[in-house]
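Chemist: One structure is given below, represented as structure tokens, and several questions about it will come after.
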Amino acid sequence: MAVDSLPATARKITANIGAHYVDKARILPWRSPPGSNLPDPYHVWLSEIMLQQTTVGAVKSYFEKFTRRWPTVQDLARADEADVMAAWAGLGYYARARNLHKCAVDVTEKMNGIFPRKESELLGLPGVGAYTAAAIAAIAFGERAVVVDANIERLVARLFAIDTPLPKGKTEIRAAMDAITPKQGAGDFAQACMDMGATICTSKNPKCDICPVQKQCAAHALGTMEYFPVKPAKRAKPVRRARFFWIEQQDRILLATRPPKGMLGGMRALPDDGWAAGNDGHATPPMAGEWRVHDNIVQHSFTHFSLEVDLAVYQDEKIVTNSDDNIWWALDDIAEAGLPTLYAKAVKWKLKEEI
Ligand code: SF4
């Protein structure tokens with residue numbers, strides 16, 4: 001890595017983190033080893049979209065499943081959106097899956113299947129924000145881009161003892177990351193910093209005794225490592241109530257397709273009351289029958305609110321439904337339905353209850 005243009009401390013940080021990465025880089029299915037050929041941009045893009053708000057451990061099996069089933073961006077573009085959504089089930093933040101498919105179609109149809117290499121061009125793609133554009137430009141194309149994810153934010157805030165609370169502090173953190181990002185090998189350097197944040201400079205109990213930049217770390221010198229980055233005061237999350245409807249006949253349950261826009265849009269799900277703010281979980285069932293209600297069977301946390309779910313159950317030998325959006329699904333095959341985690345939890349609860 002060319003670090004000559006950086007001031008002394010920053011140069012040392014860049015060099016030490018780079019050298020540490022050569023020895024200790026995590027082996028991940030979407031990566032190339034340090035210093036080797038650049039990885040496939042399709043793999044970098046796919047992994048970065050999956051990694052938004054999601055851990056490496058959770059992403060690995062999904063990445064392998066997607067690349068086995070759709071080996072190229074053109075294959076993914078040709079897939080049915082419903083199949084992509086079902087394959088994404090369990091990974092959460094489902095708008096990502098819709099944008100993933102849309103982006104694959106755009107890259108295939110408008111760009112001949114070739115991802116753009118510049119950060120500014122990548123930013124125009126569906127589902128690609130500032131962080132993801134910088135990460136793809138640096139990792140897949142070797143462009144000098146400044147990459148700041150949550151792990152890097154923590155590492156850099158500590159290295160430079162940046163005490164401006166987030167989100168305001170992000171500007172200073174980015175400027176500090178800019179100062180230590182080398183001209184050559186920005187992709188390896190970003191991944192080295194991600195690894196440092198994930199494995200050494202962890203949120204709790206950072207492993208400063210094995211840290212390659214301990215001597216340069218301002219937070220370590222102050223003895224206040226966990227104080228950084230300074231978080232804004234937390235507000236309690238509002239709690240919403242929902243009611244799901246379990247409608248069962250002859251070992252099959254009725255599934256609905258959620259509206260295309262909004263949370264979990266376009267996904268298969270149990271029919272429900274829409275769980276909007278202000279709902280109290282006492283919605284009227286979609287049909288007359290002998291309903292049994294189980295209170296608060298599932299709790300689920302979203303970014304901006306928590307949800308408590310009641311399940312209303314109606315089982316009969318013959319049930320008539322008149323909506324085209326509904327489908328009867330065999331309980332034996334329910335794992336194949338691609339239900340989002342929230343609904344899968346409710347199904348799991350119900351099946352357990354019957355044992
Ligand atoms: Fe993080 Fe500790 Fe290393 Fe500083 S010395 S960067 S706090 S692990």
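Chemist: Taking each pair of different alpha-carbon atoms in the stretch 182-290 once, compute 1/r for the pair, average those values, and report the inverse of that mean as the Kirkwood hydrodynamic radius in Å to one decimal.
Modeler: 19.6 Å
Chemist: Kindly flag which residue pairs out of Lys118/Lys170; Lys168/Lys237; Lys207/Lys231; Lys261/Lys352; Lys65/Lys345 have an alpha-carbon separation exceeding 24 Å in this structure.
Modeler: Too far apart for the 24 Å limit: Lys261/Lys352.
Chemist: For the chain, take the longest principal axis of its alpha carbons; what is the angle in degrees between that and the long axis of helix 8-24, to the nearest 10 within 0 to 90?
Modeler: It is inclined by approximately 60 degrees.
Chemist: Per residue, how much accessible area does the chain show when a 1.4 Å probe rolls over the protein heavy atoms, in square angstrom?
Modeler: The answer is 50 Å² per residue.
Chemist: Can you list the residues, at least 5 places off or on another chain, whose amide H is less than 5 Å from the amide H of Gly92, using H built in the peptide plane?
Modeler: The answer is Thr341.
Chemist: If you don't mind, another one. Rounded to the nearest percent, how much of the accessible area of the chain (1.4 Å probe, protein heavy atoms only) is carbon and sulfur?
Modeler: 52 percent
Chemist: Sticking with this structure for a sec: Could you size up the charge dipole of the stretch 151-298 around its Cα centre, putting +1 on the beta carbon of Lys and Arg and -1 on that of Asp and Glu, and report it in debye to the nearest 20?
Modeler: Roughly 340 debye, rounded to the nearest 20.
Chemist: With runs of 4+ DSSP H residues as the only contributors, calculate the mean residue ellipticity of the chain at 222 nm using -39,500 (n - 2.57) per run, divided by the residue total and rounded to the nearest 500.
Modeler: -12000 deg cm²/dmol
Chemist: Going highest first, how would you order 282-289, 187-194 by mean Cβ packing within 10 Å?
Modeler: In decreasing order of mean packing, 282-289, 187-194 become 187-194, 282-289.
Chemist: So what is the relative contact order of the stretch 164-243, in percent, for Cα pairs below 8 Å that sit 6 or more residues apart?
Modeler: Once divided by the residue count of the stretch 164-243, the mean separation gives 36 percent.
Chemist: With angles folded into 0 to 90 degrees, how steeply does helix 41-51 sit against the dominant principal axis of the chain? Use alpha carbons for both and round to 10.
Modeler: With both axes taken from Cα atoms, the answer is about 70 degrees.
Chemist: To the nearest 0.05, how large is the calculated FRET efficiency for Glu353 and Asp325 if R₀ is 35 Å and r is the Cβ-Cβ distance?
Modeler: 0.85
Chemist: Order of 224-232, 120-128 by packing, highest average Cβ count within 10 Å first?
Modeler: Going by the mean number of other Cβ atoms within 10 Å, highest first, we get 120-128, 224-232.
Chemist: Hey, with R₀ at 41 Å, roughly what FRET efficiency would Val230 and Lys65 work out to, going by the Cβ-Cβ distance, to 0.05?
Modeler: The formula returns an efficiency of 0.60 here.
Chemist: To the nearest 10 square angstrom, what accessible area does Glu81 show with a 1.4 Å probe?
Modeler: 80 Å²
Chemist: Something else about it: 5 Å is the cut-off here: which amide hydrogens, built 1.01 Å from N in the peptide plane, fall below it relative to Val313, excluding neighbours closer than 5 in sequence?
Modeler: Under 5 Å from the amide H of Val313: Trp246, Arg292, Val293, His294.
Chemist: State the Cα centre-to-centre distance between the stretch 115-131 and the stretch 32-98 in whole Å.
Modeler: After rounding, the separation between the Cα centres reads 16 Å.
Chemist: Moving on. Tell me, what ³J(HN,Hα) does each residue in the stretch 283-299 have, in order and in whole Hz, if you take phi through Karplus 6.51 cos²θ - 1.76 cosθ + 1.60 with θ = phi - 60° and put x for Gly and Pro?
Modeler: These are the phi-based 3J(HN,Hα) values: 4, 6, x, x, 8, 6, x, 8, 8, 10, 10, 10, 7, 6, 7, 9, 10 Hz.
Chemist: Also, I was wondering about something else. Nearest 10 degrees, 0 to 90: what angle lies between the long axis of helix 341-353 and the longest principal axis of the chain (Cα atoms)?
Modeler: Here the helix axis deviates by roughly 50 degrees.
Chemist: Given an 8 Å cut-off on Cα distances and at least 6 residues of separation, report the relative contact order of the stretch 64-168 as a percent.
Modeler: Reported as a whole number, the value is 17 percent.
Chemist: Only Cα pairs under 8 Å and at least 6 apart count here; give the relative contact order of the chain as a rounded whole percent.
Modeler: Rounded, it is 17 percent for the chain.
Chemist: In addition: If you bin every alpha carbon distance in the chain into 20 Å steps from zero, what whole percent lands in each bin?
Modeler: All Cα pairs, binned at 20 Å, distribute as 26, 47, 24, 2 percent.
Chemist: Residues in the stretch 40-72 near a label at Lys110, defined as backbone nitrogen under 20 Å from the 7 Å Cα→Cβ point?
Modeler: Only 41-43, 45-46, 49 fall inside the zone, counting backbone N under 20 Å.
The values are calculated or read from the model by the stated rules, or taken from the named source; none is laboratory data. It should be emphasised that the depicted structure is a prediction, and the values quoted were computed from it without experimental measurement. Methodologically, a virtual Cβ is constructed for each residue, glycine included, from the backbone with ideal geometry; neighbour enumeration extends over all protein chains shown. Side chains included, ligands, DNA and RNA excluded: accessible areas come from the protein's heavy atoms. Shrake-Rupley method; radii C 1.70, N 1.55, O 1.52, S 1.80 Å.
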